[in-house]
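The values are calculated or read from the model by the stated rules, or taken from the named source; none is laboratory data. All values derive from a computational prediction rather than experimental measurement. Here the Cβ positions follow ideal geometry from the backbone for every residue, glycine too, while neighbour counts run over all protein chains shown.
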Amino acid sequence: MSGPPDGPEQHDPDASASTTATDFARRLAGDWMSPSGLGLLGVYLIGSLAHGGFSRRYSDIDIALVARAGLAAPALDHLRRDAAARSAEWGPRISLFWADRNFSVGRFPPLDRVDFVDNAVTLAERERVRPPRPTLTEIRDYLRGPPFAGWAERARAFAAEATLAPHDRKAFLRALLYPARLCFSWTTGRMGGNDEAVAFLQAQRLTGLDVDLIARALACRRAAADPDALFAARDALPRQIEACEAFIHG
């Protein structure tokens with residue numbers, strides 16, 4: 001006797017949003033590559049749309065631009081305004097990374113260059129240019145600098161706040177998840193999604209780090225929910241900073 005028929009296929013809202021966001025980015029890329037004086041050699045997706053884990057609510061659309069001689073601030077502002085004018089939903093979520101053909105100028109930190117080398121999705125390309133893959137030493141030097149200091153400052157600020165403002169929900173959730181991303185990239189030299197990073201951290205169980213809190217933040221992100229219920233745990237953030245400091249200096 002045959003079993004019961006399969007139920008209806010489960011709808012994945014993050015997958016649907018990923019497809020829509022990618023289509024939007026592809027349309028932008030096609031127009032931006034048209035003769036416009038920008039000198040673009042290629043337009044690519046990096047970030048969660050490239051390596052996985054895109055959140056319909058919390059992810060940015062990370063677009064990498066490679067130009068012959070780099071891009072001036074007015075040109076970048078024009079591209080951002082163009083994206084915002086085309087879509088009130090997706091345009092403001094565009095985050096631009098850029099470099100000249102030698103990757104000697106621009107906004108392209110080492111970890112994002114790793115993501116570009118390993119995972120970039122080509123949206124439009126006139127000439128294929130790739131930078132050398134940053135070494136693990138370069139990645140660690142980068143991570144222990146401004147990224148760590150910026151996260152620690154934001155995390156301490158959240159720990160001192162009495163309430164969570166609605167416009168800070170995304171930043172607060174990122175502050176909770178950052179230790180997983182830090183430890184994953186520090187150890188592997190790769191850019192991974194939040195799911196991969198948290199799974200890595202759960203297998204490591206680093207001393208002093210509240211991994212369960214990080215896993216709860218991941219569940220909130222997956223559900224595209226408000227992180228307000230996690231705000232009561234903000235007093236754990238200074239201890240998370242201390243544990244991460246011990247990890248990167250140990």
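Working carefully through the options D226, D235, find the one that is modelled with pLDDT of 95 or more, closer than 19 Å to R154 by Cα and not in a helix (DSSP H, G or I).
D226
I'd like the full set of residues that are crowded, with 16+ Cβ neighbours inside 10 Å and within 18 Å of the chain's Cα centre (by Cα), limited to the range 146-170.
Across the range 146-170, the qualifying residues are P147, F148, W151, A152, R154, A155, D168, R169, K170.
Quick check on this structure: which one of I63, I46 is touching an Asp or Glu at 6+ places or on another chain (Cβ under 6 Å), at pLDDT 95 or above, under 26 Å from L173 (Cβ atoms) and of a type in the set (A, V, I, L, M)?
Just one listed residue meets the conditions, I46.
Could you tell me which of the residues S48, S34 is in contact with a Phe, Trp or Tyr (Cβ under 7 Å, 6 or more places away or on another chain), among the hydroxyl-bearing types (S, T, Y) and not assigned by TED's automatic domain parsing to the domain that holds S185?
S48
Looking at the range 150-166, can you tell me whether even one residue there is touching a residue at least 60 places away in the same chain (Cβ under 8 Å), over 25 Å from A229 (Cβ atoms), of a type outside the set (G, A, S) and in the same structural domain as P238 (by TED's automatic domain parsing)?
no
What are the pairs with Cβ atoms under 7 angstrom where one residue, in the range 114-128, is touching a residue at least 60 places away in the same chain (Cβ under 8 Å) and the other, located anywhere, is part of a helix (DSSP H, G or I) and among the basic types (K, R)? Sequence gap at least six, or different chains.
That search, which allows pairs on different chains as well, returns L123/R26.
Just to be sure before I move on: is A217 part of a helix (DSSP H, G or I) and surrounded by fewer than 16 Cβ atoms within 10 Å (Cβ to Cβ) in the structure I sent?
no
Identify, from the list A99, A124, the residue that is part of a strand (DSSP E or B), surrounded by 15 or more Cβ atoms within 10 Å (Cβ to Cβ) and within 20 Å of the chain's Cα centre (by Cα).
A99
Residue under question is A199, and the condition is that it be assigned to a loop (DSSP other than H, G, I, E, B) and either surrounded by fewer than 18 Cβ atoms within 10 Å (Cβ to Cβ) or touching a strand residue (DSSP E or B) at 6+ places or on another chain (Cβ under 6 Å) (or both); does it hold?
When the stated conditions are applied, A199 does not pass them.
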